[in-house]
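Peer 1: Have a look at this one.
The values are calculated or read from the model by the stated rules, or taken from the named source; none is laboratory data. In this text the structure is predicted, and so the values were computed from the model without any measurement. Here the Cβ is made from the backbone with ideal geometry for all residues, glycine too, and neighbour counts use every protein chain on show.
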Amino acid sequence: MKMSRDSIRGICDALEQAGIRPTHQRILIMKYLAEYRVHPTAEMIYSKLKEEIPTFSKTTVYNTLKLLDEKGLISALATDEDQVRYEANMTPHGHFKCIQCGALFDLDLACSLPPEKEVGGHLVLEYQVMAKGICRSCRGG
């Protein structure tokens, strides 16, 4: 994975602003999530990065993803298969999951959801909208 100087600087700045030391492994994980918007699992990230850095560990990937999620730099998405998928797109959006191929896509929401809203007396801090169906590729179009 080739990194431009600007993208590395942007990732380092985001990590530092969140109070996270920008290690090489953390930068690679953030870079992967920013470039490959496929909503990967921790295993998918580990497998890809292990090709580039043979000493990369699963523990590092899991710990980094947990830290990045806690600090609000990425989002963890729970799926119906008890999987957790990750993404760096923090703008309000939903997701579409194909029930045939399992692909997960970003979905523009028809209405803009506010980041914080009171619903029934509860303060909503996060929305996770998941639509399911058959994707364009599986439908043959």
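Peer 1: Has segment 82-105 got any residue that is more than 22 Å from E35 (Cβ to Cβ), modelled with pLDDT under 90, in the same structural domain as K31 (by TED's automatic domain parsing) and exposed (fewer than 14 other Cβ atoms within 10 Å of the Cβ)? Spell out the reasoning first.
Peer 2: Going through segment 82-105, the residues more than 22 Å from E35 (Cβ to Cβ) turn out to be 82, 99-100.
If we keep only those that are modelled with pLDDT under 90 as well, we get 82.
Next cut, in the same structural domain as K31 (by TED's automatic domain parsing) only: 82.
If we keep only those that are exposed (fewer than 14 other Cβ atoms within 10 Å of the Cβ) as well, we get 82.
The answer is yes, given that some residue of segment 82-105 is more than 22 Å from E35 (Cβ to Cβ), modelled with pLDDT under 90, in the same structural domain as K31 (by TED's automatic domain parsing) and exposed (fewer than 14 other Cβ atoms within 10 Å of the Cβ).
Peer 1: Given the criteria under 16 Å from the mean Cα position of the chain (by Cα) and crowded, with 17+ Cβ neighbours inside 10 Å, does R26 qualify? Break it down stepwise before answering.
Peer 2: Working: under 16 Å from the mean Cα position of the chain (by Cα): yes; crowded, with 17+ Cβ neighbours inside 10 Å: yes.
Yes; evaluated as a whole, the condition is true for this residue.
Peer 1: Check L77, L33, L67 and return the single one that is outside any helix (DSSP H, G or I) and in contact (Cβ under 8 Å) with a residue 24 or more places away in the chain.
Peer 2: Numbers: L33 fails: outside any helix (DSSP H, G or I); L67 fails: outside any helix (DSSP H, G or I).
Result: L77 is the single residue among L77, L33, L67 that is outside any helix (DSSP H, G or I) and in contact (Cβ under 8 Å) with a residue 24 or more places away in the chain.
Peer 1: Going by the structure shown, is L123 part of a strand (DSSP E or B), more than 11 Å from the chain's Cα centre (by Cα), loosely packed, with under 15 Cβ neighbours inside 10 Å and at negative phi? Spell out how you get there, then give the answer.
Peer 2: Numbers: part of a strand (DSSP E or B): yes; more than 11 Å from the chain's Cα centre (by Cα): yes; loosely packed, with under 15 Cβ neighbours inside 10 Å: yes; at negative phi: yes.
Taking the combined requirement at face value, the residue satisfies it.
Peer 1: Could you check L109 against (1) modelled with pLDDT under 90; (2) in a loop (DSSP other than H, G, I, E, B); (3) aliphatic (A, V, I, L, M); (4) closer than 22 Å to M30 by Cβ and say which number it fails?
Peer 2: Here L109 meets the rest and fails (4).
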